[in-house]
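See structure below.
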Amino acid sequence: MEKEIQMEKTYNPEFEQRIYNFWMKNKCFEAHVNPDKEPFTIMMPPPNITGQLHMGHALDQTVQDILTRFKRMSGYEALWLPGTDHASIATEVKIVEKMKNEEGVTKMDVGRDGFMERAWAWKEQYGGRIVEQLKRLGSSCDWSREAFTMDQNCSNAVLDAFVKYYNKGLIYRGDRIINWCPHCKTALSDAEVEYNEQQSNLWYYRYPVVGEDDYITIATTRPETMLGDTAVAVNPKDEKMAKYIGKMVKLPLTDREIPVVGDDYCEIGFGTGAVKITPAHDPNDFELGLRHNLPVIRVIDDGGLMNENAGAYQGMDRLTCRKAVVADLEKLGLLEKIEPYAHNVGECYRCGETVEAVVSKQWFVKMKDLAAPAIKAVKSKKIEFVPKRFEKIYFNWMENIKDWCISRQLWWGHRIPAYYCDQCGETVVAKSMPEVCPKCGGTHFHQDEDVLDTWFSSALWPFSTLGYPRKTKSLGYFYPTSVLVTGYDIIFFWVARMIFSGLEFMCDVPFSEVLIHGIVRDSQGRKMSKSLGNGIDPLLIIDKYGADALRFSLATGIAPGSDTRYTDAKTESARNFINKLWNASRFVIMNIGKDDDLTFPSKLNGADKWILARLNDVIKEVTINLNKYEIGLAAARLYDFTWTEYCDWYIEMSKPLLYSKDKKEHNHAVAMLTYTLTEILKLLHPFIPYITEEIYSKYAEKGSILMKSDWPSYNKRFAFRKEEKNFEGLRELIVAIRNTRAEMGVAPSKRLNAYVKATDKKFMEKSAQYLEKLAGIGSVTFVEDKSEITERWTAIVTNIAEVMIPMGDLIDFEKERERITKEIAQAEAEIKKAKGLLSNQGFVAKAPQKLIDNEKEKLLRAEDRLQKLQDKLQELA
RNA sequence: GGACGCUUAGCUCAGUUGGUUAGAGCACCUGCCUUACAAGCAGGGGGUCACUGGUUCGAGUCCAGUAGUGUCCACCA
């Protein structure tokens, strides 16, 4: 090794940016259509590129990046499709407001007006740090490049999809009750409405029956809508109320008379037995209105104010009107009573304004025919959710789905490609403005003012990003994609819609697996939100601890689908682990001599065989777990192996050889340490890419671990079961000696002399050096029989050996007796349990043989140990 | 109202088809600046796995019920 290696004593993540640039320069993240490799396509939810990365995104990114790197190293052509589309960017109000203010734009078709380009150009100014943040997190995706190309494709796909849906009769325009946000002045889909409990009242008041001295009492939570009532409904089977059917009642505060209709919708025995019907402002009432041919009278306008149909109340805000209506009813003596009432009120998920149900002309996607194949795809396991329980949520939604309202009255978004003939009003749906009206021959058209729901374009993401509607090579190669990674909060918005869109336009599922992870909460378990102000900027964490530390802390201890809390303590622990890896690597690298040959040694010693056997198991388990998307388990296993087995034991055990004056021995140790370290670095690379890359580049001739390395594989040659077992015994012995020393209060610097009686003498002779190095033993004398020892002694008993320590070296006899008595109790308990199991006929008859043998062996060992301990106690007495 | 989770050490959480003495991090106690690492090393204490019952040779793990808690969906005026 020629290069001068310098490593700081403490890990410092400042090299991260340099490593990132190296990856970009060498195009490490590019995926190509490659017939020799199997594609593995990963999708991610759309982060808002002009906004800030939050912990949820950081988790998304980390999970996906781990999978991408793992798959790349495993020989796949791994591509990930980042969902940065106009949909997400359009939600960034700052950008669109800038356009409004500085350019005077009032209508923006984001697919065609260069919206994306300008948004990207402005992202720096407007705090849009997301790309910077994603880069710093180590995201293996060229964001700036992807976003531009995808923007183009996305627009084409949207037009194509809309026209195809329409031609198949799957899109229609019509009057329906929709959720309306008076603040945003737009329609909302059902999924965009959040319900929260509010304290309100239930108002009871009377509708006088026309021509009779009678009245019907109704109850409502929204008195102001009575101005739009067009009927009162009672149940025809209700004996008390049925008599009113066909009669008219006077609608107070108006000059209208409205009919009483009979309908099952009104539940017998519930409330007053009669329901006011307001078809324009309640979905159930609207349906009922259709059944009874009732007129639809809107009384609330788009801004939440009472309109001209509200008579004297016109112009009032709907809540002011509510008070006025109640007061006026009271004046007329029609108000019966007011009861406090808690009920759920729909709120706009974006602005929080109370949502009004209003009837309006909107565009819809007919869901019934689209949902059926989408349900089938999951039932038939063409798509699988991980964890599986989320399939139920999906089915529940899909099976009860209503038509999807896709028009929005926002002024930015994809404009609906519907054109109306100025002459005859004919509707033409086409990718571009038609020249001639097919009905009247007119040549002037105007385009529908509405734009599409942002999720309409997002639903096309799996193929629009790959070039659809063109039949590109990428589309053929990468579609269907392999796995979608997202949080459970987005199943309805996005996942479900991608599934039916993919089936409709590509005739195939968009992905075969949906990996659902939880959301990141704050340290108190609260959802991170802007209004609470408890969100944590990942960039601050990265500044403090480094990106690898953040990634590792997000990846450790998470179970698929479960929420996780963010605490600095976790990140600190991850950082400490990285520091440990750094120092272990530093130690190994520092010891690589100029002429050392790092090729794998042809002859292995016991410790080598032990670590290789352990490493082998780790490789197997980590690979299996990553393939199962058990990222948390994989990370935890690597943490444990690296720290405990490699650092605490193997490195320590290799020191005698490493410091040996025999050059060959030193070289052997260095080669083995390096080999194991390299395997560890490869396994850890997906989790902590920066530091592994940095360390690797310090000693490996060819630089990049990401580019040059294959994922480690299980090697049968290294399944050294016997050595593994011996060394586990040795570790046990060393721990027992240390334990005794600590309990006896032996100073750490004090070397003890020891007599050793071994079960496997050959092995113990070779291992004496480890007792010296790791257990503070000064000199080891082997004995065949305890009688050979002339001093008084006490013993440390384990399965592979008894170690006799001369009493002169120990301090407290009484304590030693206590310790031995405790151990005897332990051994006795073990014997009792094993005997119990083995005398249990059921166990012996039904348990697997391996387990029975295990138990027998355990019993023998424990009995042997007990005997030795009892002897020892005798000695001490 | 419907569905789905969760309850394991003081705190935050792992625990993959049932099978050694139920694990980790943080916190705590004791002793160490041992020539990679004090962001460290060695040792230690701490758990009736919410409760009750069942299946089984064997249950933290499977089944049923109870209690507490959380999320999603629907929403009856």
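The values are calculated or read from the model by the stated rules, or taken from the named source; none is laboratory data. Here the structure is a predicted model, which means the values were calculated and not measured. Using ideal geometry, Cβ is built from the backbone for each residue, glycine included, and neighbour counts are taken over all protein chains shown. For accessibility, only protein heavy atoms count, side chains too; no ligands or nucleic acids. Shrake-Rupley method; radii C 1.70, N 1.55, O 1.52, S 1.80 Å.
Figures for the structure shown
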quantity: Computed accessible area, residue A:714, all protein chains, 1.4 angstrom probe, square angstrom; calculated: 90 Å²
quantity: Two-site label geometry, residue A:214 and residue A:655: point separation in nm, points 7 Å out along Cα→Cβ; calculated: 10.0 nm
quantity: Violating pairs (Cα-Cα greater than 21 angstrom) within the set A:9/A:544; A:663/A:750; A:603/A:716; A:100/A:361; A:580/A:603; calculated: A:663/A:750; A:100/A:361; A:580/A:603
quantity: Carbon plus sulfur fraction of accessible area for chain A, probe 1.4 Å, in percent; calculated: 50 percent
quantity: Set of aspartates and glutamates near residue A:868 by C-alpha distance (under 13 Å), chain-local residues within fewer than 8 positions excluded; calculated: A:785, A:802, A:823, A:828
quantity: Test item: Cα-centred dipole of the stretch A:415-567, Lys/Arg +1 and Asp/Glu -1 on Cβ, debye; calculated: 460 debye
quantity: Cα-based convex hull, the stretch A:146-256, per residue volume (Å³, whole number); calculated: 228 Å³
quantity: A:645, A:823, reordered so the largest accessible area comes first (probe 1.4 Å); calculated: A:823, A:645
quantity: Nearby aspartates and glutamates by direct alpha-carbon distance to residue A:107 (threshold 12 angstrom, same-chain neighbours under 8 apart not counted); calculated: A:97, A:448, A:449, A:450
quantity: Most to least packed among A:778-785, A:451-458, A:388-395 [average Cβ atoms within 10 Å]; calculated: A:451-458, A:388-395, A:778-785
quantity: Residue-normalised accessible area of chain A, given per residue in Å² at a 1.4 Å probe; calculated: 45 Å²
quantity: Principal semi-axes in Å for the stretch A:746-793 [√(5λ), Cα gyration tensor, largest first]; calculated: 19, 16, 6
quantity: Accessible heavy-atom area order of A:863, A:435, highest first, probe of 1.4 Å; calculated: A:435, A:863
quantity: log₁₀ of I(q)/I(0) at q = 0.15 Å⁻¹ - the stretch A:807-877, Debye sum with one point per alpha carbon; calculated: -0.58
quantity: Cross-link table A:168/A:431; A:164/A:376; A:164/A:379; A:655/A:773, entries beyond 19 Å C-alpha to C-alpha; calculated: A:164/A:376; A:164/A:379
quantity: Mean Cβ count within 10 Å, highest first, over the residues of peptides A:396-408, A:438-450; calculated: A:396-408, A:438-450
quantity: When chain A is reduced to its Cα atoms, the Kirkwood hydrodynamic radius in Å; calculated: 33.2 Å
quantity: Which listed pairs, of A:276/A:402; A:682/A:702; A:722/A:833; A:27/A:628, have C-alpha distances above 19 Å, in listed order; calculated: A:276/A:402; A:722/A:833; A:27/A:628
quantity: Prolate/oblate/rounded label for the stretch A:752-836 (Cα gyration tensor, a/c 1.5); calculated: oblate
quantity: Computed over the stretch A:252-408, Kirkwood Rh from alpha-carbon pairs, angstrom; calculated: 19.5 Å
quantity: For peptides A:275-288, A:235-248, sequence by mean Cβ density within 10 Å, most packed first; calculated: A:275-288, A:235-248
quantity: Length gained when the stretch residue A:436-residue A:34 is fully extended (0.36 nm per residue, less Cα-Cα span); calculated: 140.1 nm
quantity: Principal axis dimensions, largest first and in whole angstrom, of the stretch A:163-320 by Cα; calculated: 56, 38, 31
